[in-house]
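Enquirer: Following this message is one structure expressed as structure tokens.
Throughout, read-outs are computed from the coordinates displayed, never taken from laboratory work. Remember, predicted model here, so these are calculated numbers, not experimental data. With ideal geometry, Cβ positions are generated from the backbone for all residues, glycine too; neighbour counts draw on all protein chains shown.
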Amino acid sequence: MHRIKRRNSKTIKYMVFPCIFCRVRGDLVSNINHEYIQSYLYGVIPPSQGILKELEEYAEQNNVPIVTPDVAGLIAVLVKTGRVKRILEVGTAIGYSSILMGTHMQSYAGKDFSIITIEKNEESAELAKQNIKKAGMEDNIKVLTGDASELLASVEGSFDMIFVDAAKGQYMDFMEQSIGKLKLGGLFVCDNVLFRGMVAERSLLKRRKITIVKRLRKFLEFISKCEELQTTIIPMGDGVSISCKLKEVSFNEKA
Ligand SMILES: C[S@@+](CC[C@H](N)C(=O)[O-])C[C@H]1O[C@@H](n2cnc3c(N)ncnc32)[C@H](O)[C@@H]1O
């Protein structure tokens, strides 16, 4: 067994694995990347500052899953490359990823950016609102409290990017309900799509996760084959999918 302590609770959660997964040198972190690769990358990524650092510490101490540092870096690149200004997020938790995306948008858009983020856990949503206020982004980031599968249909506006980081078994539903709100050329980004390697490797599959894994596989197959999307799946963190919307997506025959 191997245990590695990291600054982020999402990572810590997946750190302990039997040696059966050891290959080359060290174990597979999150069953997706080798520990030595992840250790190296985490050593290269500059540490966060200010409120983001505080939230990382809070997340670690309170077992709140937030995006891992490598995924945070990917999101930063996507946001800045696309000069993204309007984001719809599913899965706020304590507001870490919202504030992260807001911080990057602020760097080129000043106050001219907006995020709508949805969180079903009331306590988390309240905490996120407090953190967003502390970050001075309360005019730009709106937290909607409730189940995204019920709220998404009523969200108004057009978005440059949609970031999904919530119930993994519902990614297809979240997509069906939100992709029409993504502008052409916009990005549909999902975290945790490889789900601790279970999506790719049968021997890792836990019985109670079978339904989630089947749904994730169906989702990944859909976004990969869909001609209206250009998709890539990256084995980073717990797996990230990025789909660029080329045309309006029709679900009728495919879903
Ligand atoms: C991984 S955490 C989000 C982390 C956050 N994106 C970050 O990196 O800072 C997932 C969150 O999604 C929320 N969630 C799960 N299913 C949801 C749903 N159907 N609607 C809204 N929120 C949901 C959970 O309560 C949890 O707080």
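Enquirer: Given labels modelled 7 Å from the Cα in the Cβ direction, how far is it in nm from GLN49 to THR211?
Expert: Label-label distance for GLN49 and THR211, simple model: 4.6 nm.
Enquirer: Dipole magnitude of segment 155-255 about its Cα centre, charges +1 at Lys/Arg Cβ and -1 at Asp/Glu Cβ only, in debye to the nearest 20?
Expert: Computed about the Cα centre, the dipole is about 660 debye.
Enquirer: What is the packing order of peptides 191-201, 132-142, taking the mean over residues of other C-beta atoms within 10 Å and listing the highest first?
Expert: Per-residue Cβ counts within 10 Å, averaged per peptide and sorted highest first, yield 191-201, 132-142.
Enquirer: What spacing in nm lies between the two simple spin-label points modelled at TYR36 and LYS133, each 7 Å away from Cα in the Cβ direction?
Expert: 5.0
Enquirer: Identify, among ALA148, TYR42, THR117, the residue whose Cα sits farthest towards the positive end of the charge dipole of the chain, taking +1 on the Cβ of Lys and Arg and -1 on the Cβ of Asp and Glu, with the dipole about the Cα centre.
Expert: Working it through, the farthest residue towards the positive pole turns out to be TYR42.
Enquirer: Roughly speaking, what is the stretch gain from GLU126 to THR231, that is 0.36 nm per residue apart minus the C-alpha to C-alpha distance, in nm to one decimal?
Expert: 34.4 nm
Enquirer: Pairs LYS133/LYS225; LYS80/LYS247; LYS133/LYS209; LYS80/LYS209; LYS120/LYS245; LYS111/LYS245: which exceed 31 Å Cα-Cα?
Expert: Checking Cα-Cα distances, LYS133/LYS225; LYS133/LYS209; LYS80/LYS209 exceed 31 Å.
Enquirer: A further question on this structure: Quick one: grab the alpha carbon gyration tensor of the chain, order the square roots of its eigenvalues as a ≥ b ≥ c, and give me rounded if a/c is under 1.5, else prolate or oblate depending on whether a/b is larger than b/c.
Expert: oblate
Enquirer: Let me ask something additional. To the nearest 20 debye, what charge dipole does segment 50-245 have about its Cα centre, counting +1 at the Cβ of each Lys and Arg and -1 at the Cβ of each Asp and Glu?
Expert: 600
Enquirer: Is it possible to state the helix-based mean residue ellipticity at 222 nm for the chain, with each DSSP H run of 4+ residues giving -39500 (n - 2.57), the sum divided by total residues, to the nearest 500 deg cm²/dmol? What is it?
Expert: -11500 deg cm²/dmol
Enquirer: Something else: Among rounded, prolate and oblate, which fits segment 80-159 when a ≥ b ≥ c are the square roots of the eigenvalues of its C-alpha gyration tensor, a/c under 1.5 means rounded, and a/b larger than b/c means prolate?
Expert: Oblate, because a/c is 1.5 or more while a/b does not exceed b/c.
Enquirer: Quick one: if you stick a label point 7 Å off each Cα along the C-beta vector at LYS247 and LEU184, how many nm between them?
Expert: 1.0
Enquirer: In terms of the Cα gyration tensor, with a ≥ b ≥ c the square roots of its eigenvalues, is segment 123-255 rounded because a/c is under 1.5, prolate because a/b exceeds b/c, or oblate?
Expert: oblate
Enquirer: Taking amide H atoms as placed 1.01 Å from N in the peptide plane, list the residues 5 or more away in sequence, or in a different chain, whose amide H sits under 5 Å from that of LEU144.
Expert: For LEU144, whose amide H was placed from the backbone, the distant partners under 5 Å are THR117, ILE118, GLU119.
Enquirer: Which lysines, if any, have their Cα less than 17 Å from the Cα of LYS206, not counting same-chain residues under 8 positions apart?
Expert: Within the straight-line cut-off, LYS206 pairs with LYS13, LYS168, LYS214.
Enquirer: Based on the Cβ-Cβ distance from GLN106 to SER224, what FRET efficiency comes out when R0 is 35 Å, to the nearest 0.05?
Expert: Here the calculated transfer efficiency is 0.55.
Enquirer: Report the trypsin sites (Lys or Arg not before Pro) located in segment 218-255 that are in a DSSP loop and have at most 11 other Cβ atoms inside 10 Å of their Cβ, or state none.
Expert: Taking segment 218-255 and a limit of 11 other Cβ atoms within 10 Å, the loop trypsin sites (Lys or Arg not before Pro) found are LYS247.
Enquirer: Under 8 Å for C-alpha pairs, at least 6 residues apart: give me the relative contact order for segment 50-245, rounded to a whole percent.
Expert: The normalised contact order for segment 50-245 reaches 18 percent.
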